[in-house]
Amino acid sequence: MSVLAVRSLCKTFDGFRAVNDVSFAVARGEFLAMIGPNGAGKSTCFNMINGQLAPDSGAILFEGQEISGLEARAVWRLGVGRTFQIAATFASMTVIENVQMALISHAGEIYWPWRPARSLHRERALCLLEQVGMHEAADRPCRELAYGDVKRVEFAIALASEPRLLLMDEPTAGMGPGERNELIALVKKLVVERGISVLFTEHSMDVVFAFADRIIVLARGQLIADGTAADIRDNERVRDVYFGSGKTFAGAAP
């Protein structure tokens with residue numbers, strides 16, 4: 001059984017069909033890239049999968065359960081995590097407090113006023129931070145971190161909820177080539193160890209072709225290609241739609 005199955009998904013905004021009859025699946029443990037030019041419908045698909053938007057029609061099945069139209073928190077509770085293009089952390093809180101809050105929320109301990117939050121799940125939070133290379137920065141405020149380190153903290157926060165499917169929206173946005181490849185290598189290592197399925201969007205083709213197990217391509221709200229890196233690289237329709245006439249994946253700027 002696929003971890004995620006998207007079937008004939010559609011979404012329209014003011015007469016504009018942002019997602020048009022999109023269907024695909026994510027296998028257990030798969031690292032699947034969703035790519036496409038700006039306005040292709042990638043973020044809209046993500047927002048429907050994790051409950052931020054309700055689809056107009058179609059089905060979204062997570063481990064065989066219909067989740068279309070559920071609220072984002074309910075989808076998260078079922079085991080679907082997410083990171084965002086603009087990293088979302090509490091800047092005034094320390095690194096470890098950010099991870100502790102994720103662990104507290106996942107454990108349903110938000111309304112425990114008689115226990116100080118800083119005492120809860122500290123060892124588990126330190127373990128997660130060590131895995132993402134942020135252990136030594138545990139007691140620093142997030143506002144002091146470089147952007148790439150904030151992305152690592154956000155990844156630790158996502159892992160805190162023990163997701164079985166992780167949606168990653170532009171995980172390397174704003175990062176340099178070396179930094180983004182290092183981050184994605186870390187992400188793939190940890191999700192493979194945990195058996196987590198990943199669906200990620202990414203504009204950096206070096207990241208996509210180096211790390212994705214499979215690639216799907218959207219253009220103008222429609223799925224136009226699905227295959228391996230070699231399949232996508234050689235697909236004339238993808239080259240024409242994604243890069244424009246005369247350009248190839250190999251020659252595109254990251």
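Values as computed for the structure displayed
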item: Label-to-label distance, nm, for residues given as residue 185 and residue 78 (7 Å Cα→Cβ offset); result: 3.6 nm
item: Footprinting exposure proxy for 42, 188, 11 (fewest neighbouring C-beta atoms within 10 Å first); result: 188, 11, 42
item: Where the Cα pairs of segment 22-83 fall when distances are cut into 10 Å bins, in %; result: 20, 56, 24, 0
item: The chain pair-distance distribution - Cα-Cα, 10 Å bins, rounded %; result: 7, 30, 34, 21, 7, 1, 0
item: nm² value of the averaged projected area, convex hull over the Cα atoms of segment 1-125; result: 9.9 nm²
item: Ascending count of other beta-carbon atoms within 10 Å, so fewest first, for 45, 127, 142, 10; result: 127, 10, 142, 45
item: Euclidean distance of C-alpha centroids, segment 22-90 and segment 134-161, integer Å; result: 23 Å
item: GNM flexibility winner over the chain from 25, 102, 230 (Cα, springs under 10 Å); result: 230
item: Relative counts (whole %) of C-alpha pair distances in segment 1-51, using bins that are 10 Å wide; result: 22, 56, 19, 3
item: Cα gyration tensor category, rounded, prolate or oblate, for segment 127-189 with a/c compared to 1.5; result: oblate
item: Ranked 190, 32, criterion: other C-beta atoms within 10 Å, fewest first; result: 190, 32
item: Å³ per residue enclosed by the Cα convex hull of segment 158-198; result: 65 Å³
item: Fully extended contour minus Cα-Cα distance, from residue 109 to residue 17, at 0.36 nm per residue; result: 29.0 nm
item: Rg/Rh (Cα only; Kirkwood hydrodynamic radius) as it applies to segment 160-224; result: 0.97
item: Extended-chain gain in nm, criterion 0.36 nm per residue less alpha-carbon gap, residue 126 and residue 143; result: 4.2 nm
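We did not get these values from a lab; they are worked out from the coordinates using the rules stated. Keep in mind the model is a prediction, meaning the values are calculated, not measured. Every residue, glycine among them, receives a Cβ derived from its backbone with ideal geometry; neighbour counts consider all protein chains shown.
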